[in-house]
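**Q** Provided herewith is a single structure, encoded as structure tokens, for subsequent inquiry.
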Ligand SMILES: Cc1cc2nc3c(=O)[nH]c(=O)nc-3n(C[C@H](O)[C@H](O)[C@H](O)COP(=O)(O)OP(=O)(O)OC[C@H]3O[C@@H](n4cnc5c(N)ncnc54)[C@H](O)[C@@H]3O)c2cc1C
């Protein structure tokens, strides 16, 4: 789906965060946020605003900027600050038509609550885990939502709205170093409160989750023996032997329809 | 009669000889106790091993510890096996009358059935009930039509089902409104959601934002005081106080499997309709061959019993199924390697798996262990795949597939005419 011309005048804001490599832990462009920026760039390349709240790691910010944006906005705040009230204040005055976020941050609590809190505070509708934004006509956007198992769902939503971008969205373009260094960062110091609740938490490196053991609850030796040696269980299945192929095929089709895999 | 105790050597002798036909009676008259459990001199309950069991047909003593055939047909070898299979153990029923508080679990119900994750969440619910003072009930909330019959065995004390077209498809706004109604009516002690991509995470976050709660997310070790939550990129654990609203990770707690629960349906007074700014335009057709095998929902899998490969591909296309194959089909060059299902191929998670001409070797079965419904199309009624399958049709794969293609095509044409 190619966005039509009217979409070019859309105001889109992408929220970006400092990502983290899952193995080395090195700071990087967050996957989902980069996809959100990519989606924003295809929607409107001149009206896209990139927004970050926090201390703003220079190399990471520049790697987002290297995707081809002339500037970005940085709401400067300490590491322990709460981003939501700051964002709400800013977005109330600089309201975009579409606000794009990732589904989950790559570091910290990673609760995935941010888009929901913003949507609730701003009173906008929210569509989660989108893969694509299609045409935008008369203040209604056609959105493609990513479902589990590679499925997609079409959704229409009224502007302005918040959308969290799934990993199924188009891959972000490469970041070019030079343009990233030359682009401008608008610093704006803001006075946001600290995240008080979080200061009471204890953080530790992730422990390995214990694997669930298969507990054999058999009471007798005969049951235990059966549990240890049993082959493919079940046996309660229906078997159609004598029916004609047409009847058999109908039975299979009925099951497929009942399970909802054949529509 | 004199008070002298007289021994009866003959009875004693019979009591020692367990093969004697009068052994049971002799044992009773010498010990003076009924056969079986005997109160010993110190007051302990003693089992008399000579008193239990029966003599099998070949003269060997047998003890049936399953205690199934007590009072039943008796020790006839052939009949007993059938009797054993028929008896299903009735789990003890747990009832909660007028509970003091509720723990509400909102379930994913993928395809209308409880997922493993849902059952973990219900198990966690019971853990929290046990750790809290007073009598509590675990309430399950489901949306849309359900095909589940095992609510009672999964630990559901109370059940709230929201049905109707306003809850179909993608309807998060209406669902949150419904959950708010639950909040007003039951005032739950805890709200539990599966932290899953099947909808639980979204709904939990929405409700948390609406109620102004700060949820514990990806929580994987929860008790009444502290919760251990996984942080970003799975790299940190956060230990925090247990909040009222929790989004639980997979395998957070043991599932309920030793008790039955009432699963009493609760009707809510009324749920207001919410203003919907999101319209669901339905599922979009995705090319099933583009879906990775491990993720596919519906797989049509081919084995050595397929002789017409063009027909098989056509069947997969008409059914809109992702193609899979057994190792033989791959080794013989009919299917690419990345389509192989099984121990050395892909472990699939399909909800529906149709195995055409696959015998069900153990290496193949390992790969389909997580599948919900298995359909076997095979010419051999005795093969292992038929034993595993929920529905098996015995016949020639070529004929059955041809019929299936014909049926689906006529159905699609019928549907198209209806729509026109
Ligand atoms: C180390 C190792 C790893 C392996 N890993 C895998 C693996 O990952 N995946 C895997 O699949 N296998 C694996 N195998 C191979 C596995 O053991 C079996 O050989 C293989 O799965 C059998 O494939 P099949 O069922 O298609 O063929 P067969 O066993 O030949 O079964 C064919 C079936 O088709 C039926 N049939 C025949 N003609 C028709 C007809 N006209 N209509 C309907 N039905 C018909 C037959 O009744 C039979 O049940 C592995 C083996 C080893 C040793």
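**Q** Of all residues being surrounded by 23 or more Cβ atoms within 10 Å (Cβ to Cβ) and within 30 Å of residue B:198 (Cβ to Cβ) in segment B:294-312, which is farthest from the ligand (Cβ to nearest atom)? Just the residue, please.
**A** Here is the first cut: in segment B:294-312, the ones surrounded by 23 or more Cβ atoms within 10 Å (Cβ to Cβ) are B:296-303, B:306, B:312.
From what's left, within 30 Å of residue B:198 (Cβ to Cβ): B:296-302.
Details: B:296: 16, B:297: 20, B:298: 18, B:299: 13, B:300: 14, B:301: 9, B:302: 8 Å.
Selected residue: B:297.
**Q** Restricting to segment A:166-201, what's the tally of residues that are under 15 Å from residue A:71 (Cβ atoms) and in contact with a strand residue (DSSP E or B) (Cβ under 9 Å, 6 or more places away or on another chain)?
**A** So the answer is 6.
**Q** Next question. Scan segment B:95-149 for residues that are surrounded by fewer than 16 Cβ atoms within 10 Å (Cβ to Cβ) and either modelled with pLDDT of 95 or more or over 21 Å from residue B:350 (Cα atoms) (or both) and jot them down.
**A** Within segment B:95-149, the first condition is being surrounded by fewer than 16 Cβ atoms within 10 Å (Cβ to Cβ), and the residues that meet it are B:95, B:97-98, B:100, B:112, B:116, B:130-135, B:145, B:147, B:149.
Listed by number, the residues that qualify are B:95, B:97, B:98, B:100, B:130, B:131, B:132, B:133, B:134, B:135.
**Q** Then there's this: Might you check whether a residue that is touching a strand residue (DSSP E or B) at 6+ places or on another chain (Cβ under 8 Å), part of a strand (DSSP E or B) and either within 10 Å of chain A (Cβ to nearest Cβ) or away from the ligand (no atom under 14 Å from the Cβ) (or both) occurs anywhere in segment B:329-347?
**A** No, the conditions are met nowhere in segment B:329-347.
**Q** Restricting attention to segment B:359-369, does a residue exist that is within 11 Å of the ligand (Cβ to nearest atom), more than 11 Å from chain A (Cβ to nearest Cβ), surrounded by fewer than 24 Cβ atoms within 10 Å (Cβ to Cβ) and under 27 Å from the mean Cα position of the chain (by Cα)?
**A** Here is the first cut: in segment B:359-369, the ones within 11 Å of the ligand (Cβ to nearest atom) are B:359-368.
Next, only the ones that are more than 11 Å from chain A (Cβ to nearest Cβ) stay: B:359, B:363, B:367.
This time we only want the ones that are surrounded by fewer than 24 Cβ atoms within 10 Å (Cβ to Cβ), so: B:359, B:363.
Subset that is under 27 Å from the mean Cα position of the chain (by Cα): B:359, B:363.
Among the residues of segment B:359-369, at least one is within 11 Å of the ligand (Cβ to nearest atom), more than 11 Å from chain A (Cβ to nearest Cβ), surrounded by fewer than 24 Cβ atoms within 10 Å (Cβ to Cβ) and under 27 Å from the mean Cα position of the chain (by Cα), which makes the answer yes.
**Q** Next question. Counting only residues that are assigned to a helix (DSSP H, G or I) and without any contact (Cβ under 8 Å) to a residue 40 or more places away in the chain, which one in segment A:78-109 is surrounded by the fewest Cβ atoms within 10 Å (Cβ to Cβ)?
**A** Residues of segment A:78-109 assigned to a helix (DSSP H, G or I): A:83-93.
Keeping just the survivors that are without any contact (Cβ under 8 Å) to a residue 40 or more places away in the chain gives A:84, A:88, A:92-93.
Details: A:84: 18, A:88: 14, A:92: 10, A:93: 6.
My answer is A:93.
**Q** Of everything in segment B:370-384 that's more than 7 Å from chain A (Cβ to nearest Cβ) and under 20 Å from the mean Cα position of the chain (by Cα), which residue is surrounded by the fewest Cβ atoms within 10 Å (Cβ to Cβ)?
**A** B:370
**Q** Note down all Cβ pairs under 6 Å where the first residue falls in segment B:349-366 and is not assigned by TED's automatic domain parsing to the domain that holds residue B:320, the second is within 12 Å of the ligand (Cβ to nearest atom), and they're at least six residues apart or on different chains.
**A** Once the first residue is not assigned by TED's automatic domain parsing to the domain that holds residue B:320 and sits in segment B:349-366, no partner that is within 12 Å of the ligand (Cβ to nearest atom) comes close enough.
**Q** State the number of residues belonging to segment B:387-420 that are modelled with pLDDT of 90 or more and within 7 Å of chain A (Cβ to nearest Cβ).
**A** 13
**Q** Additional query: In segment A:115-165, what residues are at pLDDT 90 or above and assigned to a loop (DSSP other than H, G, I, E, B)?
**A** Within segment A:115-165, A:123, A:124, A:125, A:160 qualify.
**Q** For segment A:33-43, does any single residue satisfy the condition of being touching a strand residue (DSSP E or B) at 6+ places or on another chain (Cβ under 7 Å) and not in a helix (DSSP H, G or I)?
**A** First, pick out the residues of segment A:33-43 that are touching a strand residue (DSSP E or B) at 6+ places or on another chain (Cβ under 7 Å): A:33, A:35-37, A:39-41, A:43.
The next check asks that each one be not in a helix (DSSP H, G or I); those that pass are none.
No, segment A:33-43 contains no residue that is touching a strand residue (DSSP E or B) at 6+ places or on another chain (Cβ under 7 Å) and not in a helix (DSSP H, G or I).
**Q** What pairs can you find where one residue is in segment B:181-197 and closer than 19 Å to residue B:270 by Cβ, the other is modelled with pLDDT under 90 and buried (at least 17 other Cβ atoms within 10 Å of the Cβ), and their Cβ atoms are less than 7 Å apart, with a gap of 6+ or different chains?
**A** B:181/B:271
**Q** Checking residue B:341 against (1) modelled with pLDDT under 90; (2) crowded, with 17+ Cβ neighbours inside 10 Å, which test does it fail?
**A** Evaluating residue B:341 over (1) modelled with pLDDT under 90; (2) crowded, with 17+ Cβ neighbours inside 10 Å leaves (1) as the failure.
The values are calculated or read from the model by the stated rules, or taken from the named source; none is laboratory data. All values reported here derive from a predicted model rather than from experimental measurement. Cβ coordinates were reconstructed from backbone atoms using ideal geometry, including for glycine residues, and neighbour counts include every protein chain displayed.
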